[in-house]
Amino acid sequence: MSTDKKNRTASHLMIWNELKWAPSEKQLAQFIHLQELLKEWNKKTNLTRLVDGDDFWTAQVCDSLLPLYEELQYPEVSHKYIDIGSGCGFPGIAIAIAMPNSDITLLDSSSKKTTFLKEVSKELGLDSRIKVVTERAEKAGRNPIFRSNFDYAIARAVASANVVAEYLVPFLNSTGQALIFKGSWSETEKQILKKALAELNAEIQRTHEFILPNNRGIRNIIRINSINKCPHQYPRSIGKPKKQPLGY
């Protein structure tokens, strides 16, 4: 085995050990193919700089799946996920690969990105379980097709937590959970989020701090539950959640 391949195998093992989950041969092949497709598309359109080696495996794949380490222990369970601001497909496509019985909606306002997501979903054989939507979160959250329709609504690196909460909560069904991915997380941010969630009829279920492998830093995950139906006025019109964020 070449040194490169040994290093790659060791890096993969560290990631799977961290997740307490390991992909099947088919799933590993899908992740490798996804990396190849990202490299290929990146030559013509700038999707992400995190495509090589550890950038891909730790900062993309592991970072996408680590918050769902509990769900990964039961991959046969069927859930409906929506990934808001899906970009180049993380965490949404990573979840679709890892959870073979779940359906994933990838939402992004950039047609350049959704064109890529549609193509990749087909290439990886996931298009029967992935729906790609070119739309703003504020508009999709008011659409009866999507509103109150998901077990999980997820956003990674989109905006501050109180803004993201207004995007995510309207998508949740009565037992659904919103997951907000954050780097640093302060008590001040927590108090602002709590106030915002009171407006949305939701609450923090718990927060969890992870340390990503290979010195990739800290990741905080905030899990949010609905207490009651999200008031019909949320999400507000396009741009308003960011310009006039809840919680202040």
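Key figures for this structure:
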quantity	calculated
Test for Ile204: is it out of contact with any Cys (no Cβ under 6 Å at 6 or more places or on another chain), of a type outside the set (Ser, Thr, Tyr), at pLDDT 95 or above and closer than 27 Å to Phe116 by Cα	no
Restricting the range 108-125 to residues that are surrounded by fewer than 22 Cβ atoms within 10 Å (Cβ to Cβ) and in contact with a strand residue (DSSP E or B) (Cβ under 8 Å, 6 or more places away or on another chain), the residue that is farthest from Tyr234 (Cα to Cα)	Lys118
Residues of the range 235-248 satisfying the condition of being assigned to a helix (DSSP H, G or I) and free of Cβ contacts under 8 Å to residues at least 24 places away in the same chain	Lys243
Single match in Glu70, Glu36 (criterion: farther than 20 Å from Arg219 by Cβ, free of Cβ contacts under 8 Å to residues at least 24 places away in the same chain and not polar (S, T, N, Q))	Glu36
Selection count where residues are in contact (Cβ under 8 Å) with a residue 40 or more places away in the chain and within 19 Å of the chain's Cα centre (by Cα), scope the range 194-234	12
Qualifying residue in the range 188-199 (condition: under 17 Å from Pro235 (Cβ atoms) and either in contact with a Cys (Cβ under 6 Å, 6 or more places away or on another chain) or part of a strand (DSSP E or B) (or both))	no
Contacts under 6 angstrom Cβ, first residue in the range 10-32 being in contact (Cβ under 8 Å) with a residue 24 or more places away in the chain and assigned to a helix (DSSP H, G or I), partner surrounded by fewer than 18 Cβ atoms within 10 Å (Cβ to Cβ) and aromatic (Phe, Trp, Tyr), 6 or more apart	Leu19/Tyr69
Positions within the range 80-107 being in contact with a Gly (Cβ under 9 Å, 6 or more places away or on another chain), in contact (Cβ under 8 Å) with a residue 60 or more places away in the chain and either surrounded by fewer than 19 Cβ atoms within 10 Å (Cβ to Cβ) or not hydrophobic (A, V, I, L, M, F, W, C) (or both), in sequence order	Lys80, Tyr81, Asp83
Residues of the range 132-181 classified as hydroxyl-bearing (Ser, Thr, Tyr), part of a strand (DSSP E or B) and over 23 Å from Leu212 (Cα atoms), total	3
Where Arg142 falls short, out of the listed (1) crowded, with 20+ Cβ neighbours inside 10 Å; (2) more than 14 Å from the chain's Cα centre (by Cα)	(1)
Of all residues making up the range 65-119, the number that are assigned to a helix (DSSP H, G or I) and within 22 Å of Leu38 (Cα to Cα)	18
Of the criteria (1) surrounded by fewer than 16 Cβ atoms within 10 Å (Cβ to Cβ); (2) polar (S, T, N, Q); (3) not in a loop (DSSP other than H, G, I, E, B), which one Ser184 fails	(3)
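The values are calculated or read from the model by the stated rules, or taken from the named source; none is laboratory data. Treat the numbers as computed from the prediction; the structure is a model and nothing was measured. Cβ: placed from backbone, ideal geometry, glycine included. Neighbour counts: every protein chain shown.
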